[in-house]
Amino acid sequence: MSSMIDANAQHGEPQDTPGMAAQRQEPQPQGGYTETARDQDFYAVIPAGGTGTRLWPLSREAKPKFLYDLLGQGRTLIQSTYDRLERVAGEGHVTVSTGWRHVAAIREQLPQLAAEDMFAEPVPRDSTAAICLAAAVLARRHGERVVVGSFAADHVIRGASSFARAVREAVATARAGYVTTIGIAASRPSTAFGYIHQGRSLAADVPEAPSARLVERFVEKPDAATAQAYLSTGEYRWNAGMFVMRADVLLAHLREYKPRMYDAISAIADAYLVGADAVDEAMATHWSGIEKIAFDYAVAEPLSVQGGVAMIPGDFGWDDIGDFNSVAALLPSANAQNIKILGDRECVSYIDSAGDVVVPAAGRTIALLGVNDMVVVDTPDALLVAPRARSQEVKNMVAHLRQEGRDELL
């Protein structure tokens, strides 16, 4: 099975370690990141998967949350993500990885996206397969040392210049051979996010990324006491799942940690150089057998133990819209009683009600009388009514409906 990394191995050429790569870097202009360098070697990948079950019945398998404008700003989440990344990576340097059933909707929302920049999957296989396939194809098209960055389709980011600065430092650190993540400043002791424990500075190793730090380890979502302890040390940041790395470095680690996945990804990536029929055949042969595993577990966590993961502090506003409470936090209040409305305000009428989150997506009037701190989501075929305090549990209702065989609602 052919690949550019295999060719290097056959000729006895060692893979770069972070230290070796840093020593061999060519001198960069002051500031370390030029428009020319950006246009040449950095490609952004947007994994657009998942169904957003905590946002049911608005988010469905057929139309996930990234296809919605959840902030009422005139751009859906994936459109905003594309816009943000194109400003950093450049035109023609943003790709999307998604399921077959979402290709048409994404093309409608992103008509500027070239057909060859859409990587479509027949069935979900989580983030490792999505990211590594895109990296493998981009390596074959543009060279094995191309830098690939993965950024989720459903995040909300405020502070475009700060985001761009963090990504550019991450690209510089990736060029030095590190798998690089962007850690978000923890503004509160949240139990909803995983954390990154930052280590020593890498500024001496990567002068173009003065804020780069080594990652000591990734930690799972903690309990409240542990989250508070993390916050008090100042050494932990939220893990937002943003990763930037050279394609050859990533694929070498994939071959080390997940050799069967590496072989399957390589076969499919080779087919992309042949044509659509070859891709379909390779997908039918290999894709369904690929292990379903998140990138953190497959690559980032084991590599961090070996000192191969770096982190750039992301000092910009960031939100992962996971449930209706997080949607509410980003919406303006409709009245002094802090009612939040996603959609047409004329469809919501209220008396003696406060603190509610209302989504009038069915186009009919929702009347609230003495209703406090509730989530009310009205769609043409399903109505959700739940306490805001149980927003995270909406996914349990989706699982319950699935058990009842109500797949038409999912």
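Residues in segment 38-95 that are of a type in the set (D, E, K, R), within 25 Å of E208 (Cα to Cα) and in a loop (DSSP other than H, G, I, E, B): E91 alone.
Reported count of residues in segment 241-272, each being of a type in the set (A, V, I, L, M) and farther than 17 Å from V148 by Cβ, is 3. Selection of first residues in segment 160-171 that are farther than 18 Å from Y82 by Cβ and touching a residue at least 24 places away in the same chain (Cβ under 8 Å) and of second residues that are open to solvent by 30 Å² or more (accessible area, probe 1.4 Å) and of a type in the set (D, E), restricted to Cβ pairs under 7 Å at least 6 apart or on distinct chains, gives the following pairs, ordered by first then second residue: S162/D315.
Restricting the first residue to segment 192-214 and requiring it to be more than 20 Å from S232 (Cα to Cα) and among the charged types (D, E, K, R), which pairs with a second residue that is open to solvent by less than 60 Å² (accessible area, probe 1.4 Å) and modelled with pLDDT of 95 or more meet a Cβ separation below 6 Å and a spacing of at least six or different chains? Qualifying pairs under 6 Å: E208/A172.
When L110, L70, L85 are checked against the criterion of being open to solvent by less than 20 Å² (accessible area, probe 1.4 Å), at pLDDT below 95 and of a type in the set (A, V, I, L, M), a single residue qualifies: L70.
Going through segment 324-370 one residue at a time, which ones are at pLDDT below 95, of a type in the set (S, T, Y), open to solvent by 40 Å² or more (accessible area, probe 1.4 Å) and outside any strand (DSSP E or B)? Matches in segment 324-370: none.
The numbered conditions (1) touching a His at 6+ places or on another chain (Cβ under 9 Å); (2) modelled with pLDDT of 95 or more; (3) not basic (K, R) are all true for L202 except (1).
For every residue, the table says whether it meets (1) surrounded by 11 or more Cβ atoms within 10 Å (Cβ to Cβ); (2) farther than 18 Å from A62 by Cβ.
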position	(1), (2)
N372	yes, yes
D381	no, no
E393	yes, yes
L401	yes, no
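Restricting the search to segment 42-52, which residues are modelled with pLDDT under 90 and among the hydroxyl-bearing types (S, T, Y)? T51, the sole residue that qualifies.
The values are calculated or read from the model by the stated rules, or taken from the named source; none is laboratory data. The shown structure was predicted, so the numbers you read here are calculated from the model rather than taken from an experiment. Here Cβ is always computed from backbone atoms with ideal geometry, including for glycine, and neighbour counts include all displayed protein chains. These accessible areas exclude ligands, DNA and RNA; they are computed on the full protein's heavy atoms, side chains included. Shrake-Rupley method; radii C 1.70, N 1.55, O 1.52, S 1.80 Å.
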